[in-house]
Structures are given as structure tokens and as C-alpha cells.
1. Students often forget the sequence filter, so: which lysines lie under 22 Å Cα-Cα from LYS122 once same-chain residues fewer than 8 apart are removed?
2. When only DSSP loop residues count, what trypsin sites (Lys or Arg not before Pro) in region 148-235 have their Cβ near at most 11 other Cβ atoms within 10 Å?
3. How would SER147, SER249 line up from fewest to most surrounding beta-carbon atoms within 10 angstrom?
4. In whole Hz, with x marking every Gly and Pro, tabulate ³J(HN,Hα) for region 364-374 from phi via Karplus 6.51 cos²θ - 1.76 cosθ + 1.60, θ = phi - 60°.
5. With an 8 Å Cα cut-off and a minimum separation of 6 or more residues, compute the relative contact order for the chain in percent.
6. Give the distance, in whole Å, between the Cα centre of region 112-168 and the Cα centre of region 182-216.
7. Amide H of ALA124 versus every other amide H placed in the peptide plane: which residues, excluding those fewer than 5 positions away on the same chain, fall under 5 Å?
8. Enter the angle in degrees (range 0 to 90, nearest 10) between the Cα long axis of helix 273-287 and the first principal axis of the Cα atoms of the chain, meaning the one along which they spread out most.
Amino acid sequence: MARQLDILPDRAAQIGRAGEGGSTQPALKAGRHSLAGSVSQRACVFCGSRVVLYPIADALHIVHGPIGCAAYTWDIRGAQSSGSQLFRNSFSTDLQEMDIIYGGEKKLERALRDLIERHQPKAAFVYATCIVGLIGDDLEAVCKTVSAACGIPVLPVASEGFKGTKKDGYRAACESVLKLIGTGDTSKVTKRSINLLGDFNIAGETWVVRSYFERMGVEVVATITGDGRVDDIRRCHGAGLNLVQCAGSMTHLAKRMQDDYGIAFKKISFFGIEDMAAALYETAAHFEDPAIMDRAREVVRDELAAIMPKIREYRRDLAGKRAAVYVGGAFKAFSLVRALRSLDMDTVVVGTQTGDAADYEQLREMCDPGTIIVDDSNPIELAKFCLEKDVDLFIGGVKERPIAYKLGIGFCDHNHERKEALAGFVGMVNFAREVHASVMSPVWNFVPRRASRAAALKEVAS
Ligand code: SF4
């Protein structure tokens, strides 16, 4: 019998259940500052900016703040680069007591000049942290001075950690990138072309997805947040369409590009068979070119023929198993619910760090009755929900892994630290294999909570 743990009363409005209360059920509250004392799983504003901009590979990234902020986000994604590895460093001004008292602007300027001379980056991003917001260093002024002296764009990122939610960090990152966009030559960009926004090239996923579009005859101008290049970003305003894979982080940039350059955008997902195919078909439909649509069908047909035999094998064992999902953005949550369904698994708990009320409404509609839906959760809540629903699998990131293992539950890492490509059709097979290996491991039978059930099943079998 699962031990029932109380929920903090102030958290109740951010937790709901699908199928309960019908149309009278109030919308889930979202986008709030995390409740003090709840030990939120959500990262700070600075971290939000850092994870988005980090994969711009030939830029210099410097964290203006104490060393802890830089260490916390050092090489934070499994994002891969086909060239420069400069982005994987976590340069920091390492602010000390005396800098806090007298200000850190001079130190930042020295650090920037030195690093730009040594590494010759195409651009530099300078991240503000909590303490910089408190002491009031003028990042804009320092960046302007260094940019004029060194001849490259030096872009401040207004990401003071305390000033909002992780989503505010995404917005600050978008504002910085916008300063690069529109500064390059678009004369060679073709009409049937796209930018990929919010795909982070984890374990090379951007390369997988890019190859599908290229097989369709669609040019990929910039992969802004995965294997990103400053020169591509400068000219990406010439593209015909923006595809937004991580809606939480990149919708703001897509909207601004629509307003400023007239580029339409589509929110898509590259996770799971259904969503990957839909992304290709929607792109083809946008360009209204029958030849592109035909090639999209070919890509989907060929890829499915290659992966379905394996998927069917895994599905036989996984049918009826229960999963909890806790991820950063809502679009990934939607895709995971669908991907788990294609493995005949049930999602019984689903939550995100940055979803909004409309996202949670959509989750309510797509999930089975009784599914717990939660915004900005914490370890105690997540553990309680996993026990209550007796889940077989937890899908989350680095902060959720210990929760799962302590409870004796299989775990699948679907966050930015992972080393396995899970996007695209080939990613679906990797996902199914990982889920299968974790859920079906016999080790879970030795968890005390499960041991009696395993013994009973053995007795029945004999
Ligand atoms: S910016 Fe603030 S909240 Fe974020 S890591 Fe640094 S000190 Fe912590």
C-alpha cells in the first residue's frame, strides 16, 4: 500500500487529474514563481538562457558571476558539434568578495578581451547571474566597448537567476540571438528552406532530422540551437519557414522573426513516430510543392519499414506498463505520451517545468482519466505520485533519476544530458530499446515493495 504524503496547500492549484471534474475543473495554474520551500525541480533564469545558447558552437560563452554558476552549467548538454568545440568550455569571471564590493565590470572586460584574442570566436555571449543583478554591473556597456574594440558581436544575456522562472531565461536568450539575426547575406538562401529552432543536437539528433529534410529537397539554413553557427544565424532570416521543436524556449524567437521578417513558424516535435512524420508532412504542405510531399512520404515509408519490426518486438513486452513523465517543456511531454502509447504503455503521471495553462489543458484532453498532471513539481510530489500510480518507468532528467532509483523504478533519461539520440525515426527505436531494457530488468523484482508481487507471480506460473 503506497504511503500517502501531503501536498503543500499552496501547490494544489498546479496539480490536476485528467477526466475529473469535466468542464467545471479549473485550469491548472502555471508560469508562477516556484513556491519557497517546495524545492522545485525547475532551474533558474540563468540556467534557462545557458541551456538554449550553449550549442552555438563557434561562439564564446562567458558567465559573469561566481564560479558556482559556471560549474553548474558546464558542458550542460549532450549537444554535439560538427566543428568548433569552443562552446563546451564554461568560462567565468569567478567573481570574489572584492569584486562584489567594488564591481566586476573591469574584470569582465579584461576576461573578454583575453578570451577573444586567444580563441578568435565569431561572437560572444555574456551571461548575467544573480549577484550581477544585485550589484548592478552594466553588461550592456562592457559588451559594447569590447565589441567595438574586437570587431565581433558581444552580446549581453539578461539572465539574472532570481528574476523569474526558467522561461524568462529562454526569453532572454532569444532576445540576445535576435541581435545576430538579420546581419548576414541571404542572397543564396533558397525559397524552400527552413530553420530548426529548439533542437539541441543531443547525441547528434539535429543531424538525423536534418537529413530527412534534405532528402525531401528542403534546405536547412540554420540549426540555431544545435550545432549552431554564428554565420548561419546571421542569415537565417532569409529562410521560408521556422520549425520550433522546443516550444517553451523558442516560440518567442519564432514570433519575433514572424513580426520582423515575415517568416511563418510551426510548432512541431521530432520525438515519436507520429510527431516526426507530422513534422515532415506539415513542412511539405507549407511549401505547397507536390514533389516535396512525395519525397516526404518516401522518407516516412522507408524509415518506418526499417524500424517497425523492432518496435513490435519491444511492444509485446511493454504493453500495459505504466509510465511517469516529468520534463522541461510541454511539447516534449505531448510527444512522450504519444510515443509511449505507440509502445502500448500508459502514461499515468505527466508534468513539466515550463508548460502553460493551455498546454496542461491539452494534456488533460490527450491523457486517460485519472492521469496526474503537474506543473513545476518537486521530489516529494513526484515520489508520491509514482508510488500512488505504481509506475514501472520514470522518464525525466538528471534531477529525476535519483527519485526513480530510490523508489526502485526503471528510468529513461530524456533530458539534455543524455548521450542517446531519441529524435527521428531511428530515435524511436533507441527510445523503445532503452525503455524496454529499463522496465524489463529483473532487478526491480528485488525491490521490497515489488518482491511480494514477484513471488506471487512465480507461484502462479509454477
Ligand atoms: S544565477 Fe543565481 S540561482 Fe542561478 S546558478 Fe547562479 S546563483 Fe544560482
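Laboratory data are not the source of any read-out in this text; all were calculated from the coordinates shown. This one's a predicted model, so the numbers in the text were calculated from it and none came from an experiment. Please note: Cβ atoms are built from the backbone with ideal geometry, for glycine as well, and neighbour counts cover all protein chains shown.
1. Filter leaves LYS107, LYS144, LYS179, LYS188.
2. Counting only loop positions with at most 11 other Cβ atoms within 10 Å, the trypsin sites (Lys or Arg not before Pro) in region 148-235 are LYS188, LYS191.
3. Final ranking by Cβ density, sparse to dense: SER147, SER249.
4. 4, 6, 8, 8, 5, x, x, 4, 7, 10, 9
5. On the way: 942 pairs, mean separation 84.0, N = 462.
Reported relative contact order: 18 percent.
6. Distance between centres, Cα-based: 27 Å.
7. It is LEU60, VAL154, LEU155, by chain and number.
8. Taking Cα atoms only, the helix is inclined about 40 degrees.
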